[in-house]
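Below: the structure, in C-alpha cells.
The values are calculated or read from the model by the stated rules, or taken from the named source; none is laboratory data. This is a predicted model, so every value here is computed, not measured. Cβ coordinates were reconstructed from backbone atoms using ideal geometry, including for glycine residues, and neighbour counts include every protein chain displayed. We work out accessible area using only protein heavy atoms, side chains counted, and drop any ligands, DNA or RNA first. Shrake-Rupley method; radii C 1.70, N 1.55, O 1.52, S 1.80 Å.
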Amino acid sequence: MIHGEIPPRDVLLQFIADNPDRASKREIAKAFGLKGETRVELKEVLRSLEDDGLVQKDRKSLKRPGALPPVTVLDITTRDKDGELIGRPAEWNEELGVAPAVAIRQSSADRAKGKAPVGGLGDRVLAKIFASKDRAGPAYSARIIKVIDRHRNALLGVYREMPGGGGRLMPIERRGEEMLISAADLGDAKDGDLVEVEIARTGRMGLTQARVLNVIGSVASEKAISMIAIYSHGIPHIFPQSVLDEADAAQHASMSHREDWRHVPLITIDPHDAKDHDDAVYAERDPSPDNPDGVIVTVAIADVSWYVRPKSALDREALKRGNSVYFPDRVVPMLPERISNDLCSLREGVDRPALAVRMTFSKEGRKAGHTFHRVMMKSAAKLSYQQAQAAIDGKADDKAGPLLEPILKPLWHAYEVLKRGRDRRQPLELDMPERKIILKPDGTVDRVHVPERLDAHKLIEEMMIQANVSAAETLEKKRQPLVYRIHDAPKLSKQETLREFLATIGLTLAKGAGLRSNSFNGILAKALDTPHQTMVNEMVLRSQSQAIYSPENIGHFGLNLLKYAHFTSPIRRYADLIVHRALVGSLGLGEGGITPEEEASLDDIAAEISTFERRAMAAERDTVNRLIAHHLAGRVGDEFDGQISGVTKAGLFITLPQFGADGFVPVSTLGRDYYIYDEAHQALSGEKTGLGYRLGDSVEVKLVEAIPLAGALRFEMLSEGRPMPTATRSFHKAGRRGASKKPGTRPSRPRR
C-alpha cells in the first residue's frame, strides 16, 4: 500500500483494533499520511464501516464492536501462569460473549519509585487500554491510571444456619450460587445476617466453601435492601475520618471576590423532603428599552468549589464517589453533611456563598447574553414544588401567598418566555413516567406513586438547562478545558431497528445523517393516545445513546443543544464541581479554581465519573427491584394486569403498572408452539399458530415465584397470544434463523 492512499477496509479495521488509544479519524489520517481530498474519502470509508456494523463510535474515536474503549474500568480477577495480574471490564454487555481478559502491565521499576499506582487481586482500577502484541495471550494489555477500590473479591450473601453447625451462603445476585460456610469460618454471623465472604476452597457436594469476612447486619433490618446494592456495586458509603475532620474544620465563606447579593429575593423550589438546596432562582422583566418584553433570569448555585479544594481529602473522596446515590430509604451523599446539608445548602434566611449566572432573554425566548458572578446570597424563601404550583393555581398557603406577586408570577412569566425557545428547539420529549416508592416506617413498601409532573418542575428544569448552556458557552469562549455533558445521536444500527419496528405499525422515520430530536417527537406525537403509545416510547428510548461526560464536545442530541455542561448540582455531582472550578479560574473569581493537573486529567476524570454514574443507576434500579419483590413475595399465585415492556428470544419482560415491578415470562412456559423472536416487530410469535406477543401488549399474568434477595419475579402468561402482522408471519417462512438474533435489552431512562 502506498503511503498517502486510502488503505483497504481490512487494513483500517486492523489498525482500529490494534490502536484503541488513537483511532479517531484525525489519528487514522495522520497514521496513513492522508491529506486533502483523501481525508474526505477516508471519512466516507469509515462511515461505510460504521453502517455495516464493523466499527462503532466511542466519543470521537472508533472501535470494533465489543472492543474496549481507550480508558476502561477493570476488575482484577485472577493471575496468569506467570503470576501476572489479569483484569476484565467492570461493565460488559453479555450479548457480546465473554468479557475480554486484559493483562495488567506493572513495571517493577515504576512501582519501586512510586511512579505508578499498584493494583492487586480483587481491586477495581481505572486503566489505559492497549492492543496486545502477544497473540498467544490476552487481546489487551493495560496500564493502571488509578486504583478506584481495593479488594473487591469479597462476595455478598445471606447466611442461613444449618443443623449441626455452620450453614450456607444464599446469593443475592440472580446468577449467584450457594456456598458452604463451616462453623470455623463463621465469625460472628447469625442466621439471617447479610455477610461479606471470600472463597476459601472447594467443598463437599460440589459447593464452594466460603469464609465470612464481615457481618453487615440482619437482612430483615430496615436498610438491608439498599445496603445490598451499596455493597454489591462497591459504592463508597462511609466517609474516612480525615474527610469528616476536614469538613468539620471548614469555616464560613468570606466576602473575598464576592458581590453582595443578599438583597436579591432568590428562592429555592425543591421536593418537600429535600435536605440540601443547591439552586435558587429569581426572574424580572428586562428594563432595557432595547429588549421590549424581555426577561432576566438569575440562577444561583451553591459555591461548593470554595469548600472542596483540589487535592484535599474532601476532593479525593468526592471523586471516588462521583455522585450522590439515591435510594428509597436513604441517600449516599458525595459530600459529608457538614458541607452538603449545612455550609453549601442555600437555606432560607441564611447567608450562603454561591456562583450565579444572570441571563437575558428576548420575548421570543432567545438568549441575548449572560454574565457569571461569585456572590453572597440569602434565600428569601424555601418552597416545595407543590407549594409554588398551588400558589400559581390560586391556592396559595400562608408562606407562598406573600411571594405570589413579587416573585412567583415573574418566575412563571419568565418560564413562558423560555418555553417559547424550548418549543422552537424541540428537545426529545419522551413520555416515560417515573415511579416513586413510598416506604412504611419499618422500611417495607407502602405503595408505588407516580408524582404529577407540574409546571413548577418544568420551570426549574428549563432554568437549570439554560444555566448549564451558559456555563459551557462561557468556558468555550475563554478556551478553558472543561467536562461537557454529551449525548450522541442514535447509532445507525439502532435507527434501522427502530425504523423497521415503526414500519410494522404504519409509522415512518426519516433516513439520513441529519436526524434530529424533533424527528422522534413527530413519531411520539403520532403515537399519542393510540394502543401503540407505550411501546413507541419504549422503542424510541431504546434507540438512544447514553449520555456521558467528556472533555470533547459533540453536543447533546436529546436536548438539541450544541454546548452543554453540568453546572447546577455541585453538591451531588463531581462533574459540576469541575465546571465551577473552571469558571472560577477562567473568570478570575478568587480561590478554588481549576488546577493545571486537573486540566491534564480531564479525560480520566470524565471516564471515571461516567462509570460511577452508571454504577449509581444500576444500584438504584436493583434496590427498587428487590423492594418490590419483597413487597410481592406474599402474593405468589395472585393474578395481575401487566404490560409487555421487553421482548427477547428468552422470553417476555412484564411490567405491573400498579407497582412499577418488572418480572419475566420464560419462552419455554408460553405454550407448546415454537416461538420465534422477531427483533424488528419486537415480538415472539408461534411458528405454527401465528399467534404471539408484542412489546406494549396488555396481558394478564400470574405470579409464580418471587426471589426478594435477587429482586426477581417470575410470571406465568394467562393471556392468549394474538395474531401477528403479516410481515411477522412472512418472517417465519425465512426459517428459524431469526431465533438466533440477539435479544433486546431492558432500557433505562437516560439522565440528562
Within the range 235-247, is there a residue that is part of a helix (DSSP H, G or I) and open to solvent by less than 30 Å² (accessible area, probe 1.4 Å)?
yes
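Considering only residues that are open to solvent by 10 Å² or more (accessible area, probe 1.4 Å) and at pLDDT 90 or above, look in the range 615-632 and name the one that is farthest from Val445 (Cα to Cα).
For the range 615-632, the residue satisfying everything is Met617.
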The correct count of residues that are surrounded by 17 or more Cβ atoms within 10 Å (Cβ to Cβ), of a type outside the set (Gly, Ala, Ser) and in a loop (DSSP other than H, G, I, E, B) in the range 680-700 is 4
Scan the range 481-507 for residues that are assigned to a helix (DSSP H, G or I) and open to solvent by 50 Å² or more (accessible area, probe 1.4 Å) and jot them down.
Leu492, Ser493, Lys494, Glu496, Glu500, Ala503
Note down all Cβ pairs under 6 Å where the first residue falls in the range 216-238 and is within 15 Å of Asp622 (Cβ to Cβ) and in contact (Cβ under 8 Å) with a residue 24 or more places away in the chain, the second is part of a helix (DSSP H, G or I) and open to solvent by 30 Å² or more (accessible area, probe 1.4 Å), and they're at least six residues apart or on different chains.
Ala229/Asp622
Pick from the range 714-723 the residues that are at pLDDT below 95 and assigned to a strand (DSSP E or B): which of them is surrounded by the most Cβ atoms within 10 Å (Cβ to Cβ)?
Arg722
Being open to solvent by 20 Å² or more (accessible area, probe 1.4 Å), outside any helix (DSSP H, G or I) and without any contact (Cβ under 8 Å) to a residue 24 or more places away in the chain narrows it down to one residue among Pro310, Pro287; which is it?
Pro287
Do we have Gly369 as assigned to a strand (DSSP E or B) and exposed (fewer than 14 other Cβ atoms within 10 Å of the Cβ) here?
yes
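One line per residue, one yes/no per condition, for (1) of a type in the set (Phe, Trp, Tyr); (2) open to solvent by 20 Å² or more (accessible area, probe 1.4 Å); (3) within 28 Å of Ala253 (Cβ to Cβ):
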residue	(1), (2), (3)
Tyr574	yes, no, yes
His580	no, no, yes
Gly590	no, yes, yes
Asp604	no, yes, no
Identify the single condition in (1) crowded, with 21+ Cβ neighbours inside 10 Å; (2) in a strand (DSSP E or B) that Asp641 does not satisfy, given that it satisfies every other one.
(1)
From the residues in the range 478-501 that are at pLDDT 90 or above and hydrophobic (A, V, I, L, M, F, W, C), which one is farthest from the chain's Cα centre (by Cα)?
Leu482
Qualifying positions in the range 594-622 - among the hydroxyl-bearing types (Ser, Thr, Tyr) and assigned to a helix (DSSP H, G or I):
Ser610, Thr611
So which residues in the range 517-527 are in contact (Cβ under 8 Å) with a residue 24 or more places away in the chain and surrounded by fewer than 20 Cβ atoms within 10 Å (Cβ to Cβ), if there are any at all?
Asn518, Asn521, Leu524
Restricting the search to the range 533-549, which residues are within 17 Å of Pro433 (Cβ to Cβ) and either open to solvent by 50 Å² or more (accessible area, probe 1.4 Å) or assigned to a loop (DSSP other than H, G, I, E, B) (or both)?
Thr534
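Of the residues Leu627, Leu632, Leu684, which is under 28 Å from Phe501 (Cβ atoms) and touching a residue at least 12 places away in the same chain (Cβ under 8 Å)?
Leu684
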Return the pairs, sorted by first residue and then second, in which the second residue is in a loop (DSSP other than H, G, I, E, B), the first residue lies in the range 584-608 and is on the phi > 0 side of the Ramachandran plot, the beta carbons are less than 9 Å apart, and the residues are 6+ apart or on different chains.
Gly588/His257; Gly590/Ser256; Gly590/His257; Gly590/Arg258; Gly592/Asp303; Gly592/Val308; Gly592/Arg309; Gly592/Pro310
Per the filter on the range 391-407, residues within 22 Å of Arg285 (Cβ to Cβ) and in contact (Cβ under 8 Å) with a residue 12 or more places away in the chain are Ala391, Ile392, Ala400, Leu403, Leu404, Pro406, Ile407
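Conditions tested, residue by residue: (1) under 26 Å from Pro441 (Cβ atoms); (2) in a loop (DSSP other than H, G, I, E, B); (3) open to solvent by 40 Å² or more (accessible area, probe 1.4 Å); (4) not aromatic (Phe, Trp, Tyr).
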site	(1), (2), (3), (4)
Ala189	no, yes, no, yes
Val215	yes, no, yes, yes
Val264	no, yes, no, yes
Ile269	no, no, no, yes
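When the range 107-159 is examined, which residues are found to be of a type in the set (D, E, K, R), under 22 Å from Ala17 (Cβ atoms) and modelled with pLDDT under 80?
Lys133, Asp134, Arg135
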Here the residues within the range 290-307 that are assigned to a strand (DSSP E or B) and within 20 Å of Trp412 (Cβ to Cβ) are Val295, Ile296, Val297, Thr298, Val299, Ala300
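For the range 574-584, indicate whether the set of residues that are more than 27 Å from the chain's Cα centre (by Cα), modelled with pLDDT of 95 or more and in a loop (DSSP other than H, G, I, E, B) is non-empty.
Within the range 574-584, none of the residues are more than 27 Å from the chain's Cα centre (by Cα), modelled with pLDDT of 95 or more and in a loop (DSSP other than H, G, I, E, B).
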Open to solvent by 10 Å² or more (accessible area, probe 1.4 Å), within 19 Å of His237 (Cα to Cα), of a type in the set (Asp, Glu) and modelled with pLDDT under 95: does that describe Asp315?
no
Name the single residue that is nearest to the chain's Cα centre (by Cα) among those in the range 601-629 being of a type in the set (A, V, I, L, M) and closer than 16 Å to Ala127 by Cα.
Ile609
Which condition does Ala650 not pass, out of (1) open to solvent by less than 10 Å² (accessible area, probe 1.4 Å); (2) within 30 Å of Leu74 (Cα to Cα); (3) modelled with pLDDT of 90 or more, if it passes all the others?
(1)
Within the range 338-351, the residues that are assigned to a helix (DSSP H, G or I) and in contact (Cβ under 8 Å) with a residue 12 or more places away in the chain are Arg338, Ile339, Ser340, Asn341, Leu343
